[in-house]
Amino acid sequence: MRSFTIVCRTSKLAIVQAQRAADMIMQCVPNATVRLLTKSSAGDKDLSKPLYALGERDVFTKDIDEVLFSGEADFAVHSLKDLSLERVEHPDLCSAIFERDDPRDVVVVRADVADKLANGDIFRQPLRLGTSSLRRMELVPAFLHKALPQTRKSNAAEGLSGVQIVCEPIRGNVDSRLRKVVEGKKSAASDEVIDGTFDGVVLAAAGINRLLAAEEHREQMRALLRQFRWMMLPLVECPPAPGQGALLIEALRSNAEAVAVVEQMRSATLERQIAAERALLREAGGGCHQRFGAVNILVGGSPALIKAGKTHENKALDDIAFDVPSVLQGKRWFSASERMKEFFTLHDEPAEQVVVDEEAVFVSHYRAADHEHMLSQLRRKRVWTAGTRSWFELAKRGVWVEGCADGFGFGFLQSVFASPLVELSLASLRILTNCESAHDWQQQGLKASGLYRLEENVSAEVAQAVSNAEAYFWTNFAQYRACKAWVIPNAIHCCPAGRTAERFRAAGIEPITFPSIKAFALWQQRQNDQQL
């Protein structure tokens, strides 16, 4: 019987991640046994400074490396985002990415933050978030100003722009950071909580999911999380660190047996996906001073690289990069996304007749929930939206939103709903949308309510613009149907991936898909800039 040793850091999460690797090793080598060896890293020992102030790279790996290079262990397991590019490419090591959990960040705040928002205290004292990541400091406050629910009518016009959101350094393991938020900072002379108490913390969803999935930590984590409210941050506005959520296993190249196991565990698909994210570290500057995020996702079967934040040269990053067929170059375009209000007249259905008995609601467009009867129900529900526009509109109306589909379609959320943190079944969810779409969702066996009807009312200007174009971007199938009388023969049709693309295909039209409406807008802007 072969016995292997894995070295990892001493935290609960590191041990859980190493155990996941151990399970895979035992699948690769039947009858093998695997023991874990834990080692404190330099980054774990010095918790007095934020990571960006430690002054060196790979502070979480150097002590682990000593054990691996000494031969005391056959493998080392790391969170990939903890490793610099140079460290991953070490010539004496064979490494492989073998798993990735949800890459998103989560803002976790004390339950009393909702009270602060309701009674106006949020305008008298800052909202303090614990994070030692410059990337999160760059991206998260701007998002929260638009995403936190606004419960004071006098504040509706200006939103939360008057709220000061302060990011303060916090270090430690996932559970210890959550406890720091619950318990507050204590005076050195007594147990009195002093000024500087955290209102919340920003964490990686992957770490929370893995601890919740581990039987030995599940109840403890659930008890901690019951004291909080949380928001899953959108990938487009707050992309994570490159490689976040991915696990890497390493072995010395001189250890042939261990290298053979590493090769069996390798996920080539994940490595290709994450390589595009990590390549940005070379271009835009990585390390602990990194102020941008990047994530490479699959939308409609095609990769899309999302990036946002600031480079090391302080240049803004805001893009969704993807392959665009050359046939789209140089066309006369009609973009429905620029004229959203010129296709239909909207007629509200009686919202008072709709009672949401389900635990959670998915709002496809904020118009479906823009009735006080419905809003009063949503304020007591778990709410998800199709994109950030509806999220922000609901926030203005005092609704707490847990997360959104980033404009990538409802199907993009299925793995998120099934995760240990979210744990939301489709049976416990109701979709709020327009009447026609509600019927389509019901045909698929989902619970849906139509809160408004679309009456075709295409303006003369839109009709003329459609007839003059040769390529079209439609944000939904109903727009095309309303305008098809003016569409030229053999036209090129484009739309977001997801349900809209499916409806085009059902009508016998194969569209060229973009990841989202925003992705098309960014691409079109690049085309316009090149022509200037």
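The values are calculated or read from the model by the stated rules, or taken from the named source; none is laboratory data. None of the values given here were measured: they were computed from a predicted structure. Reconstructed Cβ throughout: ideal geometry from the backbone, glycine too, with neighbour counts over all protein chains shown.
Evaluated against (1) in the same structural domain as His371 (by TED's automatic domain parsing); (2) of a type in the set (Lys, Arg); (3) at pLDDT below 95, Arg526 falls short on exactly one condition, (1).
Candidates are the residues of the range 208-244 that are among the small types (Gly, Ala, Ser) and surrounded by 24 or more Cβ atoms within 10 Å (Cβ to Cβ); the one that is nearest to the chain's Cα centre (by Cα) is Ala241. Within the range 458-487, being exposed (fewer than 15 other Cβ atoms within 10 Å of the Cβ), of a type in the set (A, V, I, L, M, F, W, C) and assigned to a loop (DSSP other than H, G, I, E, B) holds for no residue.
Taken across the range 56-66, residues that are among the hydrophobic types (A, V, I, L, M, F, W, C), buried (at least 21 other Cβ atoms within 10 Å of the Cβ), within 30 Å of Arg136 (Cβ to Cβ) and at pLDDT 95 or above do not occur at all.
Which is under 29 Å from Cys238 (Cβ atoms), surrounded by 18 or more Cβ atoms within 10 Å (Cβ to Cβ) and in contact (Cβ under 8 Å) with a residue 60 or more places away in the chain, of Arg282, Arg291? If you could, list the steps in order and put the result at the bottom.
Values: Arg282 fails: surrounded by 18 or more Cβ atoms within 10 Å (Cβ to Cβ).
From the options Arg282, Arg291, the qualifying one is Arg291.
Here Glu372 fulfils each of the conditions (1) out of contact with any strand residue (DSSP E or B) (no Cβ under 9 Å at 6 or more places or on another chain); (2) in contact (Cβ under 8 Å) with a residue 24 or more places away in the chain apart from (2). Close Cβ contacts (under 9 Å, 6 or more residues apart or on different chains) running from residues in the range 103-129 that are free of Cβ contacts under 8 Å to residues at least 60 places away in the same chain and at positive phi to residues that are of a type in the set (D, E, K, R) and part of a loop (DSSP other than H, G, I, E, B) comprise Gly120/Arg152.
With respect to the conditions (1) under 20 Å from the mean Cα position of the chain (by Cα); (2) in a helix (DSSP H, G or I); (3) crowded, with 17+ Cβ neighbours inside 10 Å, Val262 falls short on a single one, namely (1). Within the range 103-125, which residues are part of a loop (DSSP other than H, G, I, E, B) and surrounded by fewer than 14 Cβ atoms within 10 Å (Cβ to Cβ)? Hits for the range 103-125 are Ala111, Gly120, Arg124, Gln125.
I need the full set of residues from the range 358-409 which are among the β-branched types (Val, Ile, Thr) and over 18 Å from Lys447 (Cα atoms), in order please. Break it down stepwise before answering.
Taking the range 358-409 and keeping what is among the β-branched types (Val, Ile, Thr), we get 361, 363, 383, 385, 388, 399, 401.
Thr388, Val399, Val401 - these are the residues of the range 358-409 that are among the β-branched types (Val, Ile, Thr) and over 18 Å from Lys447 (Cα atoms).
Scanning the range 479-500 for residues that are aliphatic (A, V, I, L, M), touching a strand residue (DSSP E or B) at 6+ places or on another chain (Cβ under 9 Å) and either over 30 Å from Met374 (Cα atoms) or at pLDDT 95 or above (or both) yields Ala482, Val487, Ala491, Ile492.
Hey, among the residues in the range 386-400 that are among the small types (Gly, Ala, Ser) and not in a helix (DSSP H, G or I), which one's surrounded by the most Cβ atoms within 10 Å (Cβ to Cβ)? Spell out how you get there, then give the answer.
If we filter the range 386-400 for residues that are among the small types (Gly, Ala, Ser), which is where we start, we get 386-387, 390, 395, 398.
Of the ones still in play, those that are also not in a helix (DSSP H, G or I) are 386-387, 398.
Working: Ala386: 24, Gly387: 22, Gly398: 19.
Top of the filtered list is Ala386.
Within the range 409-433, the set of residues being part of a loop (DSSP other than H, G, I, E, B) and modelled with pLDDT under 95 comprises just one member, Gly409.
Filtering the range 439-457 to residues that are of a type in the set (D, E, K, R) and part of a helix (DSSP H, G or I) leaves only Asp440.
Taking Leu13, is it at pLDDT 95 or above, more than 26 Å from the chain's Cα centre (by Cα) and not assigned by TED's automatic domain parsing to the domain that holds Arg171? Even if it seems obvious, please write down each step before you answer.
Numbers: at pLDDT 95 or above: yes; more than 26 Å from the chain's Cα centre (by Cα): no; not assigned by TED's automatic domain parsing to the domain that holds Arg171: yes.
So Leu13 fails the test.
For the range 483-508, residues that are farther than 21 Å from Glu342 by Cβ, of a type in the set (A, V, I, L, M, F, W, C) and free of Cβ contacts under 8 Å to residues at least 24 places away in the same chain total 1.
Taken together, the residues in the range 348-362 that are in contact with an Asp or Glu (Cβ under 9 Å, 6 or more places away or on another chain) and either surrounded by 18 or more Cβ atoms within 10 Å (Cβ to Cβ) or outside the structural domain of Leu432 (by TED's automatic domain parsing) (or both) amount to 2. Taken over the range 310-347, the residue count meeting the criterion of being surrounded by 18 or more Cβ atoms within 10 Å (Cβ to Cβ) and assigned to a loop (DSSP other than H, G, I, E, B) is 2.
The residue that is farthest from the chain's Cα centre (by Cα), among those in the range 73-102 that are closer than 20 Å to Arg282 by Cα and part of a loop (DSSP other than H, G, I, E, B), is Pro91. Annotation: of all residues in the range 17-41 being within 20 Å of Glu216 (Cα to Cα) and over 32 Å from the mean Cα position of the chain (by Cα), the one that is surrounded by the most Cβ atoms within 10 Å (Cβ to Cβ) is Val34. As a summary of the residue check, Lys307 satisfies the conditions (1) surrounded by fewer than 24 Cβ atoms within 10 Å (Cβ to Cβ); (2) part of a helix (DSSP H, G or I); (3) of a type in the set (Lys, Arg) except for the one numbered (2). For the range 362-383, the condition of being small (Gly, Ala, Ser) and under 30 Å from Gly207 (Cβ atoms) holds for none of the residues. Looking across the range 504-521, the residues that are farther than 27 Å from Pro234 by Cα and among the aliphatic types (A, V, I, L, M) come down to Ala506, Ala507, Ile509.
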